[in-house]
2 protein chains.
Amino acid sequence: MKVKDLGERDLIERFFEIMDKCKNSALPWGDDAVGYFIDDDRVLIVNVDMLVWGTDVLPGMSFRQVGRKVVTMCVSDVAVKGAKPLGVLVSIGIPKNFHVKHVEEIIRGINESSHEYGTCFLGGDTNECDEVVLDGVAFGVVDKRNLVSRSGAKPGDILAITGYFGYTAVGFKILLENLSAPSNLMKGFLDAVYNPRARVKEAVSLAQSGALTSSIDSSDGLAWSLYELSKASNVGFIIRNLPVPREIAIFAEDHNLDPFDLILYGGEEFELVVTVKPDMWNEAVKAVEKVGGTLIKIGEVTKEKKIVLIDEEGNERRVEPRGYEHFAHS
Amino acid sequence: MKVKDLGERDLIERFFEIMDKCKNSALPWGDDAVGYFIDDDRVLIVNVDMLVWGTDVLPGMSFRQVGRKVVTMCVSDVAVKGAKPLGVLVSIGIPKNFHVKHVEEIIRGINESSHEYGTCFLGGDTNECDEVVLDGVAFGVVDKRNLVSRSGAKPGDILAITGYFGYTAVGFKILLENLSAPSNLMKGFLDAVYNPRARVKEAVSLAQSGALTSSIDSSDGLAWSLYELSKASNVGFIIRNLPVPREIAIFAEDHNLDPFDLILYGGEEFELVVTVKPDMWNEAVKAVEKVGGTLIKIGEVTKEKKIVLIDEEGNERRVEPRGYEHFAHS
């Protein structure tokens, strides 16, 4: 059997069967990042995320944006577990005919993006490779009381997000399927794809508030992130107030698309998807607002392990376990 | 200008010019790994090392050996800074037509090798890529008093190695240039290439002894490692007793090669190259021997910043700054 016949997620399941368990591990298998107890009270969070030119770089993206994206990818998963990213390393594989000035632009992107996230680009490794590959590593340290896994959601908790979804799905449709968009909206759609931003401050502040019961970033899309939380926490979700941004509604109408499809099944969005203790909702909102963000209540955690969305007309729709998956799109 | 016109080492120099300095960094730029103060007394060591199929996998190597090699590469640099490797992560890029059973063999190699080094394979990332790329991350924590950089060597210190050099250079000549070797020696030569071993226990024990003034692993070859130590510590070396293993002497004679060329300019050897305080030599030897290793005195640190070797006839030879370099071999 070939990798493309199995798909990324089943392949990862095979890995877990082979891998021995580690006694100092502080996070379950398959969480956003790895957690390791470095002493009784503190957990080191380490995450590694590979950016491959052929699958992760969209048409029109600059070299500097590529460097920025690899940092966004790797710091997001560290922050969403509650740890401020302290340092970033990047391994670089490049073809030998690649231009030096383009590599330098990638490095500038990595350096400036690390700074913007309040962390530091510390080093890495360089290699010759047929395809451009950037593998980003981020690490941080979190007090064990503030560590947020995917597995703590309880029925009755509030389901919330830190921003609006759908922009990257539209961006992909514009760049990969040549769909058109009104010129006044174009910049916003492309910006979502070219300049994704991780919610680092929001994630760390939320974790410190003690209001969260679980957390994930939405790099595989909102629907997929909800399924991951559902699986890890053994709960379901009912979504009653999923915002449809005006721009997404316009684009959907122009192209006869379902706006909820764009919102649920996109990817690379890096918004936080969190569950909040109901009696600490105000603390959670304050924690996000004090760092300049917003927290949007979209639904609640249910005992029944299914994920449903109530649309504007009050109809119940099933949210499907779909999202971006490597190897599966051949 | 293209990357192949510049070479890996000059490219990395360009990176350093772009990268901002980091205030919590505990190791200078370009050391074996990254060091970051996680509190007043302890330093987190993180290393990332990329294995690319086209350049790092030798003909005849098994998938399991490839998995083992990526772990060896990444734990070696953590240990040589004095930190016991605590965890390993690996990012994997694979073509979609790659066989699942081969990926599983790679994962088995990563898992078993992590165990053998006393560490734990914790997780990683999977991606689609034209070429097989394995990016290994290892981390550990070291008391700042035991941290060993490349830059502490002082004139008069003893220069020492933890094993014999030359086997991998011979292995490369056999596998890449089709040179022959006596059948009773073949296994040893190939084993050096197929199953490299990092000196993890030796490195950690040596660091804890307090006898070292500097340390580097020899993954780019002995000569290059000496030049790196020389540059970082601003010293030179005189090598008076570089052992020529019997097998290397036989192979060199059979093929009319200089045995010192094989010993000095190989690579991927993972032996430690260390400098030792002269009054603590016995402690250093004891530290290595108690974990089953050997420490071989080969020379001393000199004030004059040149590297010379005195051969068996007493002739002085200049050691050249040569070793494996990506992009430069086009």
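The values are calculated or read from the model by the stated rules, or taken from the named source; none is laboratory data. Just so it is clear, the model here is predicted, and its values are computed rather than measured. Quick reminder, even Gly has a Cβ in these numbers, built from the backbone with ideal geometry, and neighbours come from all protein chains shown. Keep in mind that these areas ignore ligands, DNA and RNA; they rest on the heavy atoms of the full protein, side chains included. Shrake-Rupley method; radii C 1.70, N 1.55, O 1.52, S 1.80 Å.
Structure values in brief
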{"quantity": "Solvent-accessible surface (1.4 angstrom probe) belonging to A:LYS144, in square angstrom, nearest 10", "calculated": "100"}
{"quantity": "3J(HN,Hα) from dihedral phi, region B:41-53, Karplus parametrisation 6.51/-1.76/1.60, rounded to Hz, x for glycine, proline", "calculated": "10, 10, 10, 7, 9, 10, 9, 10, 9, 9, 10, 10, 3"}
{"quantity": "Å² per residue, accessible surface of chain B at 1.4 Å", "calculated": "39"}
{"quantity": "Set of aspartates and glutamates near A:LYS303 by C-alpha distance (under 16 Å), chain-local residues within fewer than 8 positions excluded", "calculated": "A:ASP157, A:GLU228"}
{"quantity": "With 5 Å bins from 0: P(r) over region B:3-145, alpha-carbon pairs, percent", "calculated": "2, 10, 17, 19, 17, 16, 11, 6, 2, 0"}
{"quantity": "Cut-off 13 Å between beta-carbons: net charge of the residues surrounding B:LEU309, Lys and Arg +1, Asp and Glu -1", "calculated": "-4"}
{"quantity": "Compactness relative to 2.2 N^0.38 Å, alpha carbon Rg of region A:114-158", "calculated": "1.88"}
{"quantity": "Partner lysines for A:LYS2 [C-alpha distance under 24 Å; skip if fewer than 8 residues away on the same chain]", "calculated": "B:LYS69, B:LYS96, B:LYS101"}
{"quantity": "J(HN,Hα) series, region B:242-256, from Karplus relation 6.51 cos²θ - 1.76 cosθ + 1.60, nearest Hz, glycine and proline x", "calculated": "7, x, 10, x, 4, 5, 5, 4, 5, 4, 4, 5, 4, 10, 6"}
{"quantity": "10 °C / 1.306 mPa s Stokes-Einstein diffusion coefficient of region B:243-330, Kirkwood radius on C-alpha pairs, µm²/s", "calculated": "101"}
{"quantity": "Pairwise Cα inverse-distance average, inverted: Kirkwood Rh of region B:1-47 (Å)", "calculated": "12.3"}
{"quantity": "Net charge, B:LEU175 excluded, C-beta distance under 15 Å - Lys, Arg +1, Asp, Glu -1", "calculated": "-1"}
{"quantity": "Gain upon complete extension [A:PHE37, A:TRP281; 0.36 nm per residue less C-alpha separation]", "calculated": "84.9 nm"}
{"quantity": "Cut-off under 5 Å, modelled amide H: who pairs with A:ASP125 long-range", "calculated": "A:VAL90, A:SER91, A:ILE92"}
{"quantity": "Residues with amide H under 5 Å from that of A:LEU179, placed H, sequence gap 5 or more", "calculated": "A:ILE174"}
{"quantity": "Cβ-based net charge around A:ASP261, under 14 Å, with every Lys or Arg adding one and every Asp or Glu removing one", "calculated": "-1"}
{"quantity": "Carbon/sulfur fraction of accessible area - region B:3-145, other protein chains in place, 1.4 Å, %", "calculated": "46"}
{"quantity": "Those residues of region A:1-26 for which accessible area with every protein chain present is at least 20 Å² below the isolated value (1.4 Å probe)", "calculated": "A:MET1, A:LYS2, A:VAL3, A:LYS4, A:GLU8, A:LEU11, A:ARG14, A:PHE15, A:ILE18, A:MET19, A:ASP20, A:CYS22"}
{"quantity": "Members of A:LYS23/A:LYS84; B:LYS201/B:LYS286; A:LYS84/A:LYS144; A:LYS277/A:LYS297 lying beyond 18 Å, as alpha-carbon distances in this model show", "calculated": "A:LYS23/A:LYS84"}
{"quantity": "Principal axis box of region B:158-318, alpha-carbon based, largest edge first, Å", "calculated": "44, 34, 25"}
{"quantity": "Counting all C-alpha pairs of the protein assembly as shown, share separated by more than 32 Å (%)", "calculated": "51"}
{"quantity": "Computed over region B:158-318: relative contact order in percent, which uses C-alpha pairs under 8 Å that are six or more apart", "calculated": "41"}
{"quantity": "Accessible area buried between chains A and B, both sides summed, probe 1.4 Å, in Å² to nearest 100", "calculated": "6400"}
{"quantity": "Under the Karplus curve 6.51 cos²θ - 1.76 cosθ + 1.60, θ = phi - 60°, whole-Hz ³J(HN,Hα) for region B:57-66, x wherever Gly or Pro sits", "calculated": "9, 8, x, x, 6, 7, 4, 5, 5, 5"}
{"quantity": "Sequence-distant residues sharing a close amide H with A:LYS84 (under 5 Å, placed H)", "calculated": "A:VAL141"}
{"quantity": "Chain A shape via C-alpha gyration tensor axes, a/c threshold 1.5", "calculated": "rounded"}
{"quantity": "Mean Cβ neighbour count within 10 Å, used as a protection proxy, ranking B:238-251, A:205-218 highest first", "calculated": "A:205-218, B:238-251"}
{"quantity": "Per chain A, cysteines lacking a partner by the 4.7 Å Cβ criterion", "calculated": "A:CYS74, A:CYS129"}
